[in-house]
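The structure under discussion appears below in the form of structure tokens.
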Amino acid sequence: MTKRPDPVAPADAEARSLARTLMQAGHAALAYTDAATGTPGISRIAFGLGPDGTMLTLISALAAHHAGLAAHPACALMLGEPEGKGDPLTHPRLMIRATARFIAPDAPDRPTIRDHWLGRHPKAKLYIDFADFAFVRFQPVSALLNAGFARAYRLTPGDLA
């Protein structure tokens, strides 16, 4: 039996550039493991890059994905939205496997992260300082970029930096 060639290519400069463009999104889909049931869950989250370029979100302890990430830090993000007309599956999207790390309220870099976050998400000013809200940093493990029909690429954490 002949082994089929891998249809997913290693990242090139164009793929890295498109991935970084998709990472400028203000929101993402987050896949996590539900803390109570151990089953998969998914949520739309606010998303952004921190001042150092790391991937971040700000979430309330009231959200199911907060407990899920605290119990099971392995997660996945999907960035990219269909725009305009045509088949939504032809629009670029980036899937990132990551590990979630909560940023302590007293972390030395939290004030800088807070100010940077508000620059991109000004409406968060209403709740950013509530005690139940926490920043979460996503450390990428691997990524897959679907750049459109027959254009798929594997990316490393370095490709996303």
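Considering only segment 117-154, state which residues are of a type in the set (Ser, Thr, Tyr) and within 13 Å of the chain's Cα centre (by Cα).
Ser142, the sole residue that qualifies.
For segment 88-115, what are the residues that are surrounded by fewer than 15 Cβ atoms within 10 Å (Cβ to Cβ) and of a type outside the set (D, E, K, R)?
Pro88, Leu89, Thr90, Thr99, Ala104, Pro105, Ala107, Pro108, Pro111, Thr112
Can you name the number of the only condition in (1) closer than 22 Å to Ile42 by Cβ; (2) under 13 Å from the mean Cα position of the chain (by Cα) that Pro157 fails?
(1)
Look at Arg114 and say whether it is under 27 Å from Asp34 (Cβ atoms), among the basic types (Lys, Arg) and either outside any loop (DSSP other than H, G, I, E, B) or under 12 Å from the mean Cα position of the chain (by Cα) (or both).
No.
What residue, of Ala76, Ala35, is at negative phi, in a loop (DSSP other than H, G, I, E, B) and either surrounded by 13 or more Cβ atoms within 10 Å (Cβ to Cβ) or in contact with a Cys (Cβ under 7 Å, 6 or more places away or on another chain) (or both)?
Result: Ala35 is the single residue among Ala76, Ala35 that is at negative phi, in a loop (DSSP other than H, G, I, E, B) and either surrounded by 13 or more Cβ atoms within 10 Å (Cβ to Cβ) or in contact with a Cys (Cβ under 7 Å, 6 or more places away or on another chain) (or both).
Looking at segment 86-111 only, could you name the residues that are over 19 Å from the mean Cα position of the chain (by Cα) and assigned to a loop (DSSP other than H, G, I, E, B)?
Gly86, Asp87, Ala104, Pro105, Asp106, Ala107, Pro108, Asp109
Does Thr99 qualify as being touching a Gly at 6+ places or on another chain (Cβ under 8 Å), β-branched (Val, Ile, Thr) and either at pLDDT 95 or above or more than 23 Å from Val141 (Cα to Cα) (or both)?
So Thr99 fails the test.
Asp52 fails exactly one of the following numbered conditions: (1) within 19 Å of Val141 (Cβ to Cβ); (2) surrounded by 13 or more Cβ atoms within 10 Å (Cβ to Cβ); (3) not hydrophobic (A, V, I, L, M, F, W, C). What is the number of that condition?
Of (1) within 19 Å of Val141 (Cβ to Cβ); (2) surrounded by 13 or more Cβ atoms within 10 Å (Cβ to Cβ); (3) not hydrophobic (A, V, I, L, M, F, W, C), only one is false for Asp52: (2).
Of the numbered conditions (1) surrounded by fewer than 16 Cβ atoms within 10 Å (Cβ to Cβ); (2) of a type outside the set (Ser, Thr, Tyr); (3) under 30 Å from Val8 (Cβ atoms); (4) modelled with pLDDT of 95 or more, Lys85 satisfies every one except a single condition; which is it?
If we test Lys85 against (1) surrounded by fewer than 16 Cβ atoms within 10 Å (Cβ to Cβ); (2) of a type outside the set (Ser, Thr, Tyr); (3) under 30 Å from Val8 (Cβ atoms); (4) modelled with pLDDT of 95 or more, just (4) comes out false.
May I ask you to say which residue of Thr21, Thr57, Thr2 is in a loop (DSSP other than H, G, I, E, B) and either polar (S, T, N, Q) or surrounded by 13 or more Cβ atoms within 10 Å (Cβ to Cβ) (or both)?
Criteria check complete, one pass: Thr2.
Just checking, does segment 125-148 include any residue being part of a helix (DSSP H, G or I) and modelled with pLDDT of 95 or more?
yes
Let's see how each residue does on (1) aromatic (Phe, Trp, Tyr); (2) more than 25 Å from Asp34 (Cβ to Cβ); (3) touching a residue at least 24 places away in the same chain (Cβ under 8 Å):
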residue	(1), (2), (3)
Thr57	no, no, yes
Ala76	no, no, yes
Gly80	no, no, yes
Lys125	no, yes, no
Arg137	no, no, yes
Leu155	no, yes, yes
Gly158	no, yes, no
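Only residues that are closer than 13 Å to Leu22 by Cα and modelled with pLDDT of 95 or more: list them for segment 54-82, please.
If the condition is that a residue be closer than 13 Å to Leu22 by Cα and modelled with pLDDT of 95 or more, then Met55, Leu77, Met78, Leu79 are the ones that fit.
The values are calculated or read from the model by the stated rules, or taken from the named source; none is laboratory data. Predicted, not measured: the structure shown is a model, and the values here were computed from it. Positions of Cβ are generated from backbone atoms using ideal geometry, with glycine treated the same way; all protein chains shown enter the neighbour counts.
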